[in-house]
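A short worksheet on the structure shown next.
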Amino acid sequence: MSKANLLSLLEEREGQYVSGEEISRALNVSRTAVWKQVRKLEADGYRIEAVPRLGYRLTAKPSRLTLQELLPKLQTTSFGRRLTLLDVTDSTQNELRKLAEQGVAEGTLVIAEQQTSGRGRMGRSWVSPFGKGIWMSLLLRPPVSLPLTPQLTLLAAVALSRAISQQLPELDIGIKWPNDLLVGGKKISGILLESAAEDERLNYVVVGLGISANLEAGDYPEELLDKAISLKMASGESVDRSALIASVLEQFEQLYKLYLEQGFAPIRTLWEARSVTLGKRTELYTPQGKVVGVPLGLDEMGGLRVELEDGSLRTVYSAEVGASG
């Protein structure tokens, strides 16, 4: 028996209880097998009520993205105009890298309802359950050199924060250097850039964007609840994922065009205006060791300019941001 067989049976009797005995008989499996498949469906976002002596009842289905709903909302010229929408994948980054190697155009987008091996910065895993978030990767082919890639990371953070603020203006979205988006000090999204280059020239950049849209507390490992939050948990309302995706792509395309026309300066100004890192004593953990000081702003490459405790200045290009205040 597969979970699809069980789902089909519950959908036929939607709103009604179906006893475990009836399901076992209809699908020729044990009660234990039925329970295991129920758990799998719940992990996919289905809500199934189980009542002793009555059985199982399907009470809610996960929201599902569709091209019919998403495409009419796009206001972009190229971003998202070539789009692959998947139910489940290990990682949208992996899917898009394969397409990039085949030569697909800039702006190609891969979205998945669920990632089984989603990843964030520093090799961390990323929680991405079915139908509750925005898990997608966007392809860029920028005419810039490899050392400028960090600028694109900062650009992505600005685009994402502007899009979320557009959809949920009541939330106070801040950017923690370089690209973590926070609400009330808790992380709501992840941004991961992976590039391929030759002779210091970028062939392409895959921009991974993970937005915790409609996750609930039970979707997170307990150890993350004090560090992470979803837009639904923060705002008290479910998020229209299609509208948010369209807004992200629109903001990203606009800022990317601005970047190609005018360079990093306007992006730096926008990032600094949304930063929650600047002006506060901060601990930064760099590959060379711990740095303590007050971040003042970004340099022309995208590095973080920090005033150290002895009054000297240092620019940090790679670090984990620790305690601040």
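Only helical runs count toward this figure. For the chain, summing -39,500 (n - 2.57) over DSSP H runs of n ≥ 4 and dividing by all residues gives -9500 deg cm²/dmol at 222 nm. Spatially close Lys pairs in region 160-262, defined by Cα atoms under 17 Å apart and a spacing of eight or more places or different chains, total 7.
Kindly provide the trypsin sites (Lys or Arg not before Pro) of region 2-86 that DSSP labels as loop, not H, G, I, E or B, and whose Cβ sees at most 16 other Cβ atoms within 10 Å. Can you show the working numbers first?
On the way: sites: 3, 13, 25, 31, 36, 39, 40, 47, 53, 57, 64, 73, 81, 82; in loops: 13, 53, 64, 81, 82.
Listed in order of number, the matching sites are 13, 53, 64, 81, 82.
GluC sites (Glu not before Pro) within region 1-64: which are DSSP loop residues with at most 14 other Cβ atoms inside 10 Å? Spell out each step's value before the answer.
Details: sites: 11, 12, 14, 21, 22, 42, 49; in loops: 14.
Passing both the DSSP loop test and the Cβ count: 14.
Only Cα pairs under 8 Å and 6+ residues apart enter the sum, and on that basis the relative contact order of region 3-60 stands at 44 percent. Counted by neighbouring Cβ atoms within 10 Å, the residues 84, 286 run from fewest to most as 286, 84. Sparse packing (at most 12 other Cβ atoms within 10 Å of the Cβ) combined with a DSSP loop state is found for the following GluC sites (Glu not before Pro) in region 186-271: 200, 216, 237. Taking amide hydrogens as placed 1.01 Å from N in the peptide plane, the amide H of residue 86 sits under 5 Å from those of 111, 112, 113, each at least 5 positions away in sequence or on another chain. Cross-link reach is defined here as a Cα-Cα straight distance under 15 Å, omitting same-chain residues fewer than 8 places apart; for residue 290 the aspartates and glutamates meeting it are 307, 309, 310, 320. Computed over the chain, relative contact order equals 13 percent, with contacts defined as Cα pairs under 8 Å that lie 6+ residues apart. Among 211, 48, a tally of other beta-carbon atoms within 10 Å of each Cβ gives an order, fewest to most, of 48, 211.
Which FRET efficiency value, to the nearest 0.05, do you get for residue 309 and residue 32 by plugging their Cβ-Cβ distance into 1/(1 + (r/R0)^6) with R0 = 51 Å? Please list the in-between numbers first.
Working: r = 62 Å, r/R0 = 1.21.
Computed FRET efficiency for residue 309 and residue 32: 0.25.
Cross-link partners of residue 40 among lysines, defined as those whose alpha carbon lies under 21 angstrom from its own and excluding same-chain residues fewer than eight positions apart: 3, 61, 132.
Laboratory data are not the source of any read-out in this text; all were calculated from the coordinates shown. A quick note: this is a predicted structure, and the numbers were derived from the prediction, not measured. Because the Cβ atoms are built from the backbone with ideal geometry, glycine has one as well, and the counts that use them run over all protein chains shown.
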